[in-house]
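Input: a single structure, listed below in C-alpha cells.
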Amino acid sequence: MGPVIKFFSSVKLAIALIILITLASILGTLIPQGRSAAEYAARYGSLAGPFGSLQLTRLYQSGWYLTLLLLFALNIAVCTVTRLGAKWRRAFGPPAAADAQALALLKTKSKFRLALPLAAARDRVAGPLRSRGYRLTEAGPAKGLSLLARKKRLGWFGSDVVHLGLLVILAGGFVSGLGGRRADLALLEGQTAEVPRASFKVRLDKFETVYYPRGGVKDWKSTVTVVENGAPVLTRVVEVNHPLSYRGYSFYQASYGRDWDASTVELVIKKTADPSFAKSVSLKTGERIAVNDPDVSHVAVRRFVPDLVIGEGQKVQSRSQEPNNPAALVEAWKGEERVFSGWVFARYPEFGQGHGAAKPPVSFVLKSYAAAPFSVLEAAKDPGANLVWLGCLLVTAGLFLAFYWPPREVRVVLEETQGKVEVTAAGQAPKGREGFEAEFEEIFESIRRPA
C-alpha cells in the first residue's frame, strides 16, 4: 500500500477530522448564520470582525469547512475501497479447497465418520445446512470433497454500507453548502414579501400568539399564502416544527415581534397649575396632533421604546422587543413655543425629563401602548436534504447489517477411507458466536444421528 493511500485510509486521520468537523459544527450552531453585519456587531461587539474574517458567520459555505468535509469523504472512500475486494471474495467468491488439518485448528468444529458413499455423505451434510438457510458451493480436493456453506453474507458489508451512507450525507452537505439559501422574512398581517431567488412571493394573512394559562408563550401560528404570478396558489398555517414547503423552499416559524416603530400610544395630559385637569389623546409614533387647549396646542410622540435602557455613549436603546420598560419621547407646544420635551415611562409615571430647568406647565402619563404584531418566517432552500435523508437510511441499513445480520460460514471436508467417509467440519462467525456455536452443534448432531 502506497504512503498516500495509507495516509488517507488512516483511522487516526478519520478521528482527527471527526473532532474538527464536530467542533466547527458546534460553532456553527452557537453563532447564528447568514445575519447582517449590524446584527453581528450588536450581538458580539468587537468579536464581530474576527468572526467574519474566519467565515464563522457563514461557516457551512466556508472554504475551510468544505475542505474538512472533502478530506473526510476521501478518507472514507479510500478506507472502503481498499477493504472491499477482500470482503467481496469472502462473501461471494468461489471456495478454495479446504484442508482438514486447518479446520481442526478452529474453535467451533466437529469430526466424525459416516458409513455412506461419498455422494450420499455429501447429501447427508448438505440437507441440514440448506434447511438452516446456508448456500453451498463445493470444490474437489484430491482425496474427497470440500463444501463451503455461507449465509447472511451481506453482513460482511455492514461497515461499507455505513461508509456509503456517510459519503451520501457528506455529498448532501456539499450540495446544501454550495446551493443552499436562508433568509428571514418579517411580515405584518396583510403584507407580501419577495422570496430571495424564487419566482413566487408569500403573504401573511394572519398571525396569532397562543399562550399558556399562566401567560407564557405556547405557540405561534402564521397563516401564510403563496402568491405566484399575482394569484394565490397555496395557503397553510405555519407553526413551530410544522413548516410550509413549496418548490424546494421550506418556511419555518422562526420568531415574532411587534412593530414598535409604528406603535400607537395613549397619553393623559395633566396641568401643573390645575391638578384636576386630565385629557386623553391617542396618536401614532411620529405623529403630531392638535389638542386645542389654551396651555397646550399640539402634542407629538417622536419615539417609542418597549424596553428602554441607556447604552454606550448615553444613547437610548431597547434591550428587547418585550414591553418590560416601555417609554415614549413626547413633545408639547403652546403655539410655536415648545413647553415639554422628555421621556414618559409607563411604569414610572413620576420619572421623566421636562423641557428646560423650570418645571413644565404640563406633564404626561403613558396610559397604554399598542403595536401591530409581525411574524418572522425563515425561508430555507436546502437542495441536499434528500441526499442527507438517503444517507441516513443507508447508515441505518448498514448498522442493521453490522449488528443484526452477522454472516456465518461453515467448511466441511469429506474424505473417503475404507468404505466410510470421514467428515471434518468447522465454522466461524464474527458476531453472535454463542448462537452460532449452538446452531453448529445442532446441525452436525443431526448429521451424526439422523432421525
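For a straight C-alpha distance cut-off of 20 angstrom, the aspartates and glutamates reachable from K6 (same-chain residues fewer than eight places away being disregarded) are D160. Size descriptors for region 321-451 (Cα atoms only): Rg and Dmax, in that order, 43.7, 132 Å.
Using a Förster radius of 56 Å, what is the FRET efficiency between S297 and I26 based on their Cβ-Cβ separation? Nearest 0.05, please. Could the numbers behind the result be given before it?
On the way: r = 61 Å, r/R0 = 1.08.
For S297 and I26, the calculated efficiency is 0.40.
The listed residues R89, R411, R302 rank as R89, R302, R411 when sorted by accessible area, largest first, using a 1.4 Å probe.
Placing pseudo-labels 7 Å out from each Cα toward the beta carbon at E39 and E336 gives an inter-label distance of 4.7 nm.
Determine the relative contact order of the chain: mean sequence separation of Cα pairs under 8 Å and six or more apart, normalised by residue count, in whole percent. Write out the running numbers ahead of the final one.
Details: 845 pairs, mean separation 97.1, N = 451.
It comes to 22 percent, rounded to a whole number.
If each Cα of the chain is one equal point scatterer, what is log10 of I(q)/I(0) from the Debye formula at q = 0.06 Å⁻¹? Values, matching the q order: -0.55. Taking 1.567 mPa s as the viscosity and 4 °C as the temperature, the Stokes-Einstein diffusion coefficient of region 125-199 based on its alpha-carbon Kirkwood radius rounds to 69 µm²/s. Principal axis analysis of the Cα atoms in region 192-266 yields extents of 42, 31, 18 Å, listed in decreasing size. Taking all protein chains as shown and a probe of 1.4 angstrom, C392 keeps an accessible surface of around 50 Å². The helix-based estimate of mean residue ellipticity at 222 nm for the chain, built from -39,500 (n - 2.57) per DSSP H run of four or more residues and divided by its residue count, is -10500 deg cm²/dmol to the nearest 500. Distant-in-sequence amide contacts of R258, defined by a placed amide H-H separation under 5 Å and a gap of 5 or more residues or a different chain, comprise F374.
Any of K221/K381; K284/K315; K12/K151; K111/K151 with alpha carbons more than 25 Å apart? Name them for me. Cα-Cα > 25 Å for K12/K151; rest within. Measuring with a 1.4 angstrom probe and ignoring ligands and nucleic acids, T192 comes out at about 60 Å² accessible.
Using the membrane-span-like helix rule (whole DSSP H runs, Cα extent along the own axis of at least 24 Å, mean Kyte-Doolittle hydropathy at least -1.0), which helices of the chain qualify?
On the way: long enough: 11-30 (29 Å, 2.42); 63-92 (42 Å, 0.93); 158-179 (31 Å, 1.55); 385-404 (28 Å, 1.87).
Span-like helices here: 11-30, 63-92, 158-179, 385-404.
The values are calculated or read from the model by the stated rules, or taken from the named source; none is laboratory data. Bear in mind that the values here come from a model prediction, so they are computed numbers and not experimental data. Every residue, glycine as well, gets a Cβ built from its backbone with ideal geometry; the counts of neighbours run over all protein chains shown. These accessible areas exclude ligands, DNA and RNA; they are computed on the full protein's heavy atoms, side chains included. Shrake-Rupley method; radii C 1.70, N 1.55, O 1.52, S 1.80 Å.
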